Amino acid sequence: MPRRVLIRSLTLAAGVLLAACGAPTDLQLEITGPIMGTYYAVKVARPPAGLDAQTLQAEVEQVLKGVIDAISTYDPESELSRLNRNPSTDWVAVSRVLYAVLAEGQRLSRLSDGAFDITVGPLVNLWGFGPQPKADTVPSAEAITAARERVGYDKLELRADPPAIRKQRGDIYIDVSALGEGEGADRMAAYLESRGATDYMAAVAGTMRVRGNNAKRVSWGIAIEVPDPENREVQRILPLTDSAVSTSGDYRNFFKTAGKRYSHHIDPKTGNPVEQRLASVSVVAPGGADSGRRADGLATALIVMGEARGLALAEAQGLAAYFILREDGGFRELTTTAFARIDAK
Ligand code: ADP
Ligand code: MG
């Protein structure tokens, strides 16, 4: 175990001990529920006057419904699903909410040299990782070639004002699942801010926004789990405040056939699931508007790029990123300089 981790674990243990000895535990609202085939969770410490758990839950669910209505490919009536069915190759107006997510997708494509690509949908669906359940089989080479022809972020044009998109082919299919958790976390955070909350944690599965401190008046302890579906253990706990954090992994959503493992992360260049030793990538970004979406997308971009290219990009961009590699009988960690700085706190 590296020294700094040991020191930090001790600090945490000391914090827990202090709490047990009567350190203050303030009021904290906690809610959770299902969303996007996974769950959301919100904690608000020292909630603003007038906010109770029931109101919080009703309002958070309303906010999340707005996200689903705009960007879900699982809801056939969402704005994005209707856009995907629209074969027009003219400019089509889109909502500001959807536009912002698409624009972030395109930005990440350029940043990652096409490893991240929201037009990858036909391949995601072909490999059985889309909204339609599918048998765990490897598609034919012909089917992959045909789907690849529909994929490419350069086949999608965006116009900011008024927000609109233009498809180069009528059969472009957009999938922003890699940004969905972050978008959900960001919209919940914006709602909490509007309510006057200053100390909160808002998560959709592995992507969250944190601000202020928890009920014990210390940073939120954000757990990064061991990338093993059989075993929900904690690999590390990051003490965070005013940040977004997202973990993207291939250890939960994958299938195995003939002894081979196929991840839900697709390399748009080959049309196949990425094959590598990376089990998960976590990105921590400074908090602020849309930081959840950014961290979410970056984690996916880095995992698709793989350990060498991904780590190089993260280092060059000054990102706080934490990679967990699968190795015989265990895992190995790789971190960027910016991540080591957070971790050492
Ligand atoms: P998780 O948090 O479950 O690991 P991610 O945020 O990494 O999820 O998103 C994974 C989803 O992103 C896939 O299920 C698929 O819908 C989509 N996807 C797969 N490959 C790519 C890619 N190369 N670029 C953008 N999105 C992708
Ligand atoms: Mg992601």
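The values are calculated or read from the model by the stated rules, or taken from the named source; none is laboratory data. Please read these numbers as outputs of a predicted model, since none were measured by experiment. Cβ placement follows ideal geometry from the backbone for every residue including glycine, while neighbour counts extend to all protein chains displayed.
Exactly one residue among GLY114, GLY130 is part of a loop (DSSP other than H, G, I, E, B), over 17 Å from LYS269 (Cβ atoms) and out of contact with any strand residue (DSSP E or B) (no Cβ under 7 Å at 6 or more places or on another chain), and that residue is GLY130. Within the bounds of region 207-219, is there any residue that is touching a Pro at 6+ places or on another chain (Cβ under 6 Å) and either away from ligand 1 (no atom under 16 Å from the Cβ) or modelled with pLDDT of 95 or more (or both)? Checked against the condition, which is being touching a Pro at 6+ places or on another chain (Cβ under 6 Å) and either away from ligand 1 (no atom under 16 Å from the Cβ) or modelled with pLDDT of 95 or more (or both), region 207-219 yields at least one hit.
You will find that of ASP113, ASP117, the residue that is within 27 Å of GLU307 (Cβ to Cβ) and out of contact with any helix residue (DSSP H, G or I) (no Cβ under 6 Å at 6 or more places or on another chain) is ASP113 and no other.
When LYS167 is tested against (1) within 24 Å of PRO286 (Cβ to Cβ); (2) away from ligand 1 (no atom under 16 Å from the Cβ); (3) touching an Asp or Glu at 6+ places or on another chain (Cβ under 9 Å), exactly one condition is not met: (1).
So that you can scan it fast, the table gives a plain yes or no per residue for (1) of a type in the set (Val, Ile, Thr); (2) under 18 Å from the mean Cα position of the chain (by Cα); (3) surrounded by fewer than 20 Cβ atoms within 10 Å (Cβ to Cβ):
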residue	(1), (2), (3)
VAL44	yes, no, no
PRO47	no, no, no
THR55	yes, no, yes
VAL94	yes, no, no
GLY121	no, yes, no
GLY130	no, yes, yes
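Residue by residue, here is whether (1) free of Cβ contacts under 8 Å to residues at least 60 places away in the same chain; (2) in contact with a helix residue (DSSP H, G or I) (Cβ under 6 Å, 6 or more places away or on another chain); (3) within 16 Å of ligand 2 (Cβ to nearest atom); (4) not assigned by TED's automatic domain parsing to the domain that holds VAL210 holds:
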| residue | (1), (2), (3), (4) |
| --- | --- |
| LYS260 | yes, no, no, no |
| LEU278 | yes, yes, yes, no |
| PRO286 | yes, no, no, no |
| ARG293 | no, yes, yes, no |
| LEU298 | no, no, yes, no |
| GLU315 | yes, no, no, no |
| GLY318 | yes, yes, no, no |
| THR337 | yes, no, no, no |
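If you filter region 223-258 down to residues that are assigned to a strand (DSSP E or B), more than 16 Å from ligand 2 (Cβ to nearest atom) and without any contact (Cβ under 8 Å) to a residue 24 or more places away in the chain, you find that the one that is farthest from ARG332 (Cα to Cα) is ALA223.
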